[in-house]
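Scroll down for the structure; my scribbles are underneath it.
The values are calculated or read from the model by the stated rules, or taken from the named source; none is laboratory data. None of these values were measured; they are calculated from a predicted model. Here the Cβ positions follow ideal geometry from the backbone for every residue, glycine too, while neighbour counts run over all protein chains shown. Remember, those area values only see protein heavy atoms, side chains included, never the ligands or the DNA or RNA. Shrake-Rupley method; radii C 1.70, N 1.55, O 1.52, S 1.80 Å.
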Number of protein chains: 2
Amino acid sequence: MPDGYNGKIARVDLTSRTVKVEEPGEVVYRTYLGGGGLASYYLLRELKPGIDPLSADNILIFASSVISGVPIAGMVRYTIAAKSPLTGAYGEAEAGGFWGPELKFSGFDAVIVTGKAAKPCYLWIHDGQVEIRSAEGIWGMETGPAQEMIREELKEKRARVALIGPAGENRVRYACVVNELKHVNGRTGMGAVMGSKLLKAVAVRGTNKMTSHDPEKLRELSKELTELIGRHGPNMVLHKLGTSNLVNAINNQGILPTRNFRTGYFEKAEMISGEKMAETILKREEGCYACAVRCKRSVEILSGPYATSGKYGGPEYETLSSLGSLLCIDDLAAIAKGNELCNRYTLDTISAGVAIGFAMECYEKGILSRADTEGIAFTFGNPEAMLKGIEWIAYRKPGLGDLLAEGVKIAAARIGKGSEKFALHIKGQELPMHDPRGKTGQGLSFAVSPTGADHVRAPHDTPFQVAGPNLGRIAPLGILEPIPARELGPRKARNFTYLHFIWSLYESLGVCNFVAGPVWALTLPKLVEVVQAVTGWETSLWELMKVGERTVTMARVFNLREGFGRLDDTLPDRLFEPLESGALQGKGLDRGEFDDLLTLYYEAMGWDPEEGVPTRGKLAELNLFWLDEYIRERRRVR
Amino acid sequence: MPDGYNGKIARVDLTSRTVKVEEPGEVVYRTYLGGGGLASYYLLRELKPGIDPLSADNILIFASSVISGVPIAGMVRYTIAAKSPLTGAYGEAEAGGFWGPELKFSGFDAVIVTGKAAKPCYLWIHDGQVEIRSAEGIWGMETGPAQEMIREELKEKRARVALIGPAGENRVRYACVVNELKHVNGRTGMGAVMGSKLLKAVAVRGTNKMTSHDPEKLRELSKELTELIGRHGPNMVLHKLGTSNLVNAINNQGILPTRNFRTGYFEKAEMISGEKMAETILKREEGCYACAVRCKRSVEILSGPYATSGKYGGPEYETLSSLGSLLCIDDLAAIAKGNELCNRYTLDTISAGVAIGFAMECYEKGILSRADTEGIAFTFGNPEAMLKGIEWIAYRKPGLGDLLAEGVKIAAARIGKGSEKFALHIKGQELPMHDPRGKTGQGLSFAVSPTGADHVRAPHDTPFQVAGPNLGRIAPLGILEPIPARELGPRKARNFTYLHFIWSLYESLGVCNFVAGPVWALTLPKLVEVVQAVTGWETSLWELMKVGERTVTMARVFNLREGFGRLDDTLPDRLFEPLESGALQGKGLDRGEFDDLLTLYYEAMGWDPEEGVPTRGKLAELNLFWLDEYIRERRRVR
């Protein structure tokens, strides 16, 4: 039983084509854990503020965690982080699949990429080695063929490849990174950062066995969790219908984003629902390393304009809404095709959908016309517009494609003519498919997320409307009473604060929030046991929650250093307007109440209410006093 | 296996002679746990600000906790709380022994006493019943005879009696409460509050069995802990020498309070040490309910002026210093006698010693003379002065006794003539026997303690000088590196903040900090298991630490409401002066550094740095928003 933890980090400088390996030591691992925690630590220390995110000065980090690769469901996710070209703020996105564990098996916890290659390249990381190899032969390729070529060249069919397609190469500001063609680091444009560095892919393969402090305990925990997943209601639904189970549920709540967020009710929701998918195009359930949930979908359409093979996976809830209800598109096959295109080109489906929705609303209002759309009617409900839009964006087709590739914030600023109010973004990142008018904690989450509008920074608060077993699962946080989803005020501030610490912890540990989290099988105390069994640390939920809080605060400091402040922590005007139909027809958020919620949140975080700058004492408390010099100038003079 | 927890609270109004029983419900118990947490909850809700602590308006609370009485070492302590007559601030003191568990067995978790009796009375609580009985026959008696009379009258030899002697009846502002004649709720004058209500005693006896969620688990935990205590180094020392083991150790560090805190080195320390006690007057080790540590001493002196039987226990470290080194008294027998007198009269030995030390320094400086001391030389080193002083104070003998009975703050104000600088107190409470010049965390603890100078609000930071197993025991808090005892600054602010949450938790759970705590046998994760096994709550160290933080914040709000603020969170001037001799000769605290440490602490707590007022957001985060109205006026207008 080895006690403690240490691991290796590879540093790759693409400019000088050099590789170094370092061991940060146990205290760094225990303080930051991995993923978002470790990535923010390095970004804050090494990234200069004010740099162009698409220049050689950006730093791109791939990070697994101290527990990644442990053979227990849900411990698989890895982080890609850099300064975001979409927002100019802290950028981070996680993905599941097999890549994260494989990085660990290859001998590394993280890879830090600096500089810019002279010619297209990719990294080949295997068994403690890091090679920088030429990607000139595959530059320009879509993800599918590129992955195949890499595996052939390496003579390693089992190489796991995280890579970019044309959208990444073309530096679409919301280009994603995909591994195994279907697991996606979706948000904040990490694919564009890869593209800007001429880094096509990172292929990993390893046979290192993970050593852990208490393998017997891990086997027990794994067995227990697997059994529990098999009979745990919410996980059973997720297995059966995937995240697409949410389409009907959220539509019934009146908050399924529809018609560019004008309403939360899509009459045709049933047509694009998880149930419909299961009846029609579903090929099989898929999953990630060691996971019994298997919430991923693979869909197949054998013929016709939307034919798709299933190797690019299938649409998640977010995509069903962003390429579906948001655009009033009720053709499930067309959405599946759109999803495939996004994975081939490496486009984030959420931002792509919102960009197209923006264009559709501009078109409806006469701000755009057929002259701008090659004669295609950019009307809500038209699948052709959606599919063409995706292609144009990925290839930055001069005109509308190139414009939308910049994200709706820049696009609206360029178009003008009042189009800004149709651009649904926060800090430049497009809104995910959740409407804060029906769940206020989600609104706060969107507003304060360091990555801009992002739905994986804290859980939706819907489950907390009801007491019972769901609430029981967050009781170890001291949250003992249900909070109505639409409530604003002190109780909501508290709930959100605690829950986003946990979410932030998940992102640092690489834990899937469909395995852990308030409604899923793995309880918080069990997660503590997993960390303890791997590392031998006598840790606690206190210590782990504080890593979550630390990580949130680090991202805040990153953004303050880049000039962001309270004015950036807001929601698009549309969310303060009444919903046009559905269960919450007529309901909008109240600006005054929302603003007070924001103040309560800042204060709960130990940040000043004016700009959200952490106090010196809060930095001290979080063992982050080394960041004080970065924000001293932002601190209000008392 | 009952799941969850509920208990009963007895409300006794002495004015109307009525008793009511209430059940606060599971959410209240889980949020406040018991002890200091539960007591502050009720005091904040029910005590009017600005009242005279010695009037019928004060509310006196006796509180055990959800785990009190569980047959595991160290789960025995109970709290007495009220507005303190010594400080005018929040008052609270814990005691061990058997009384706390017995209260639980009698059917109650807590007793809330309001009003004032028309004639002396005592409470008899047994098997779910509360009787108010006449104490006219025992009023005026010392504790020994009074306890005997009560037991005889009740025909119950096993009644556990918490009571006051003459000092409490005479409302000496630092009168304590004693149970079994030797376990003491020492600080903040809770005995004076009993005296002011004409409440002589609270006798408890019960045969209720505690029900718990998982008795088998509790048996396991108990067995494990008992075995561990038997071979755990620090606990073995404590068993062998009691807290008196500290005399030599602290003297060697140069911070044994001597000559009224002018130096930290007492040449004769060896003569009053634990080792000397073990060789000479020690009769036997004693302990509390279910505890294997047995750190208490009983001493016996068969003849001579200092003869003592052992039924009043024996001096702890604090007493060896406050009646010994502080006064330069090197006669262990005299100190033992002084300890006996304090327990007979119910005088807090710390405040009594500091009051006498104050008088001695005034005498040395000519501010007091033989005319004030009935001809006795009030010189450092004179045991007669110490023993006479104790008697005069307890009986409020007109002149010096009555004056010192007010505490050194009031006494110095009355005497004037520069005597204020010899009055070693914070917020009116006399300094315990720890010198912050050698352990800065202790200084911060003294300064911010809601009860005034108090050594049980957070651990001394000496153990944290060294890495190794001691540090390992606080690693679940995320404290991973040793902090030198004399360091000030951000790391010290962080350590103190976390450790005082834990201490505050102990006071709410009634856990002994010689069983739990950074150097003792019971680890923090094990404590979580104890709470879980008793209650069935799936709790965590996060939830429990937050109870600690919540309780600290409630006491802060209590004091803010009474008018206290930053200026009250300070240390006596003497601690900024250099020590006159010993290992730290020449060392004093730096005012600027200490002031900055205080600011860091306020900010780490989510309090404004001007007055230490919790922000609205911090109240929300701690589920204490109901307190906002109490401090709204104190909140700085931004």
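Over the range A:32-125, give the accessible area per residue in Å² for a 1.4 Å probe, as an integer.
Result: 18 Å² per residue.
Could you give each residue of the range B:246-257 its phi-based ³J(HN,Hα) in whole Hz, using Karplus coefficients 6.51, -1.76, 1.60 with θ = phi - 60°, and x for Gly or Pro?
6, 3, 5, 4, 6, 4, 5, 6, x, 9, 8, x
How crowded by other chains is B:622-630, given as the mean number of beta carbons from other chains within 10 Å of each beta carbon?
What the average comes to for B:622-630 is 2.
Whole Å is fine, so just give me how far the alpha carbon centre of the range B:157-172 lies from that of the range A:185-258.
Taking the Cα centre of the range A:185-258 as reference, the centre of the range B:157-172 is 63 Å away.
Would you give the gap between the C-alpha center of the range B:68-121 and the C-alpha center of the range A:605-638, rounded to a whole Å?
Rounded to whole Å, the Cα centres lie 41 Å apart.
How big is the range B:123-206 by Rg and Dmax over its Cα atoms, in Å?
In order Rg, Dmax, the Cα atoms of the range B:123-206 give 11.8, 33 Å.
Pull out a ≥ b ≥ c, the square roots of the eigenvalues of the alpha-carbon gyration tensor of the range B:18-109, then state rounded if a/c is under 1.5, prolate if not and a/b is larger than b/c, and oblate in the remaining case.
prolate
Give the average, rounded to an integer, of partner chain Cβ atoms located within 10 angstrom of each Cβ in B:532-540.
Rounded to a whole number, the mean comes out at 4.
For A:PHE625, A:PHE564, B:PHE594, what's the largest-to-smallest order of accessible area, 1.4 Å probe?
So, going from the largest accessible area down, we get A:PHE625, A:PHE564, B:PHE594.
Counting only other chains, what is the mean number of Cβ atoms within 10 angstrom of the Cβ of each residue in peptide A:472-481?
Other-chain Cβ atoms within 10 Å of each residue's Cβ, averaged: 5.
At a Cα cut-off below 12 Å, give the aspartates and glutamates reachable from A:LYS421, other chains included and same-chain residues fewer than 8 away excluded.
Hits, sequence-local ones excluded: A:GLU361, A:ASP573, A:GLU577.
Mind checking which lysines have their C-alpha under 29 Å from A:LYS48, skipping anything on the same chain fewer than 8 residues away?
A:LYS8, A:LYS20, A:LYS83, A:LYS104, A:LYS116, A:LYS119, A:LYS197, A:LYS200, A:LYS409, A:LYS427, A:LYS546, A:LYS618
Might you tell me the accessible area per residue for the range A:440-637, computed with a 1.4 Å probe and given in Å²?
Result: 28 Å² per residue.
What residues qualify as long-range amide H neighbours of A:ILE426, i.e. H under 5 Å apart, gap of 5 or more or another chain, H built at 1.01 Å from N?
A:LEU431, A:ALA453
Report, by chain and number, residues whose modeled amide H sits under 5 Å from the one on A:ASP608, excluding near sequence neighbours (fewer than 5 apart, same chain).
A:VAL613, A:THR615
Which Rg and Dmax, in Å, describe the Cα atoms of the range B:9-205?
When restricted to the Cα atoms of the range B:9-205, Rg and Dmax are 14.9, 43 Å.
Through the Karplus equation 6.51 cos²θ - 1.76 cosθ + 1.60, θ set to phi - 60°, convert the phi angles of the range B:392-404 into ³J(HN,Hα) values in whole Hz; use x for Gly and Pro.
4, 5, 4, 9, 6, 4, x, x, 4, x, 4, 5, 5
For n ≥ 4 DSSP H runs only, could you compute -39500 (n - 2.57) per run for chain B, divide by its residues and tell me the 222 nm figure to the nearest 500?
Calculated from helices alone, the mean residue ellipticity at 222 nm is -11000 deg cm²/dmol.
Provide the descending list of Cα extents for the range B:440-637 along its principal axes, expressed in whole angstroms.
54, 47, 24
Cα centroid distance between the range A:1-56 and the range A:490-563, in Å?
Rounded to whole Å, the Cα centres lie 20 Å apart.
Show me, for the range B:112-120, the HN-Hα J-couplings you get by feeding each phi into the Karplus relation (A = 6.51, B = -1.76, C = 1.60, θ = phi - 60°), rounded to Hz, glycine and proline as x.
Result, rounded to whole Hz: 10, 10, 10, x, 8, 6, 6, 9, x.
Tell me: how much accessible area in total is hidden between B and A, 1.4 Å probe, Å², nearest 100?
Using a 1.4 Å probe, the pair buries roughly 3800 Å².
Counting pairs of alpha carbon atoms under 8 Å apart in space and at least six apart in sequence, what relative contact order in percent does the range B:9-205 give?
23 percent
Quick one: accessible surface of A:VAL448, probe radius 1.4 Å, all protein chains present, in square angstrom to the nearest 10.
A:VAL448 has an accessible surface of roughly 10 Å² with all protein chains in place.
Between B:ARG591 and B:ARG231, with labels modelled 7 Å along Cα→Cβ, what's the label distance in nm to one decimal, could you check?
Result for the modelled spin labels: 5.4 nm.
Kindly identify the range A:292-352 as rounded, prolate or oblate by the Cα gyration tensor criterion: order the square roots of the eigenvalues as a ≥ b ≥ c, call it rounded if a/c is under 1.5, otherwise compare a/b with b/c, prolate if a/b is larger, else oblate.
Because its axes are fairly even, with a/c under 1.5, the range A:292-352 counts as rounded.
For chain B, which whole-number percentage of the solvent-accessible area (1.4 Å probe, protein heavy atoms only) is attributable to carbon and sulfur atoms?
Carbon-and-sulfur percentage of accessible area, whole number: 50.
Quick one: in the range B:289-430, what % of C-alpha pairs are over 27 Å apart?
Tail of P(r) above 27 Å: 19 percent of Cα pairs.
Rounded, prolate or oblate: which fits the range A:179-221 when a ≥ b ≥ c are the square roots of the eigenvalues of the alpha-carbon gyration tensor, with rounded for a/c under 1.5 and prolate only if a/b beats b/c?
prolate
How big is D for the protein assembly as shown, in µm² s⁻¹ as a whole number, if Stokes-Einstein is applied with the Kirkwood radius of its Cα pairs at 4 °C and 1.567 mPa s?
The calculation lands on 40 µm²/s.
Hey, how much of the P(r) for chain B falls beyond 45 Å, as a percent of Cα pairs?
It works out to 10 percent of all Cα pairs.
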